[in-house]
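In what follows, a structure is listed as structure tokens, so that the remarks can point back to it.
Quick note: the coordinates plus some simple rules give every number you see, no bench work behind them. All of these numbers come straight from a predicted model, not from anything done at the bench. A quick note on method: Cβ atoms are made from the backbone with ideal geometry, for glycine too, and the neighbour counts reach across all protein chains shown.
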Amino acid sequence: MHICEPEDMKIFHESEARRTLLSFVEGVCDSLSNPVPMRSELDSECLKSIEEFLGKLEARVAFYPKPVVHSRFGDPNFRLWHEYVLSAIPDFIKGLSFPIEEATKVDITAYLQNSFGSPARLDYGTGHELNFIAFLCCLELLSVLDLRDRSKVALKIFVRYTGLTRTIQQYFRLEPAGSLGAWGLDDYCFIPFLWGSAQLQIHSSSAPNLIIADPLVVEEGNMFFDSCRYVKLVKGGPLEVVSPTLASLSTVKSWKQMTEGLFKMYCVS
């Protein structure tokens, strides 16, 4: 379905598509907080292909020089980079080598095309992030990605994707799309906080109250704390001031409660 009007959103909220997406997001949380044996220690060809493709897109960013005169809004060179992304996606999808109906290929291509910001508005936000989640969810439904590899999808593919989106946010000075300002967790994303909190449910020496520690104690390889660090870096101030909603999570008693609360918040948003 296409969501163009408020009535379409009401239909989507009751749809199987929404339930499938949320089930995938929650399932990845479970895989991070309750690890199960992976299909293999080695990455699948699909995982490698996606990771390599994201790396290729990030390397391309440096091809576009920054303008001498900085404007308040995004760098128009982002549109050139985005054109490159769109031109590279069809061959990438074809290279995944799985039997798929043409209509389905059109859908997953559209999700991926809409995962890297808006060239018209020069912005990026959680809607673009959701498109990438939908792309990954579809690959799992098509059995291109294995359900047992969900933790790898989060810790390798999604972490790589988040790194790329932060590169384009800073390099092209992209505006936040639909930002809640100081009353949102982050101007650009949500999933790293949710999946990162699930990570911290096991083998973590950190507690939620460390969110507001100064300096921030960053657990190496953890999406949640890495995202807190990024918010402080970009907004240039203590979390209590620049992101009070994020700072308020420091009062949560456990990472399990954190994950449960963030998932409820994600379902609403």
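With the gyration tensor restricted to C-alpha atoms of the range 118-236, the semi-axes of the equivalent ellipsoid amount to 23, 22, 11 Å, longest first. Screening the chain for whole DSSP H helices with an alpha carbon extent of at least 24 angstrom along the helix axis and a mean Kyte-Doolittle hydropathy of at least 0.0 yields 16-33, 77-95.
Within the listed set PRO99, PRO76, PRO208, the Gaussian network model of the chain (springs between alpha-carbon atoms below 10 Å) gives the highest mean-square fluctuation for PRO99. Cα centroid distance between the range 224-258 and the range 84-106, in Å? Distance between centres, Cα-based: 37 Å.
In the chain, helical runs assigned H by DSSP with n ≥ 4 each contribute -39500 (n - 2.57); averaged across all residues and rounded to the nearest 500, the mean residue ellipticity at 222 nm is -17000 deg cm²/dmol.
Computed over the alpha-carbon atoms, the chain gives an Rg to Rh ratio of 0.95, Rh here being the Kirkwood radius from the mean inverse distance.
Take every Cα pair under 8 Å in the chain that's 6+ residues apart, average their separations, divide by the length, and report that relative contact order as a whole percent.
This gives 21 percent for the chain.
The listed peptides 154-162, 48-56, 190-198, 260-268, ordered by packing as a protection proxy, come out as 190-198, 154-162, 48-56, 260-268 (highest mean of other Cβ atoms within 10 Å first).
Highest mobility in the GNM of the chain, judged by mean-square fluctuation with C-alpha springs under 10 Å and restricted to ILE133, ILE93, ILE11, is found for ILE11.
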